[in-house]
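Read the figures in this text as sums done on the coordinates, not as results from a lab. Predicted, not measured: the structure shown is a model, and the values here were computed from it.
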Amino acid sequence: MTEPHRLSVGDPAPDFTLADDTGQEVNLYALLEEQQRKVIVYFYPAAMTPGCTKQACDFTDSLDSLQGSGYTVLGVSKDAPSKLAKFRERDGLTIPLLSDPQLSAHEAYGAYGEKKLYGKIVEGVIRSTFVVGENGKIELAQYNVKATGHVAKLKKDLGLA
């Protein structure tokens, strides 16, 4: 196992095209160009688990204020679109959920690799959040974030709280 590559502020955001929970493809750079707003991309380990549910619900609850401040939110996991659709329906989620079963976007963002879990070193999804500016550059890169309270901290870090 190796340490994942980490992105830093100013790095170009790796582009990706991933299917959402309806099977529609979402391309990061096309979204940036089309919407002319910043994109928050967050990676989470698994749909319908307690921590990931809390985080997704927090993003959904904050979506109006984030959008009003010029941000789009994308949640990315390795789950299949069908599971993401169940997650959205079960929890009333309004944020787009993207499927990355090959982990290509996870790896490009350094959101998959070696991490500590209950004191053991394992390989898996590293809960991470990135803010991509309209210019396609990383404006904020946060690794190993906590599921609970993360959205409130993110909003504070972005000067929105």
#### Entry: the chain, helix-only ellipticity at 222 nm - DSSP H runs n ≥ 4, -39,500 (n - 2.57), divided by all residues, nearest 500
-9500 deg cm²/dmol
### Message
Let me make sure I get this right: for the stretch 1-42, a, b and c are the square roots of the gyration tensor eigenvalues over alpha carbons, sorted descending. Under 1.5 in a/c it's rounded, otherwise prolate if a/b > b/c, else oblate. Which is it?
### Response
oblate
### Task
Report the residue, chosen from Val39, Val151, Val122, that carries the largest GNM mean-square fluctuation when the chain is represented by alpha-carbon nodes joined by springs under 10 Å.
Val122
## Note on the structure
Per GNM of the chain with C-alpha springs under 10 angstrom, the most fluctuating residue out of Leu84, Leu66, Leu31 is Leu31
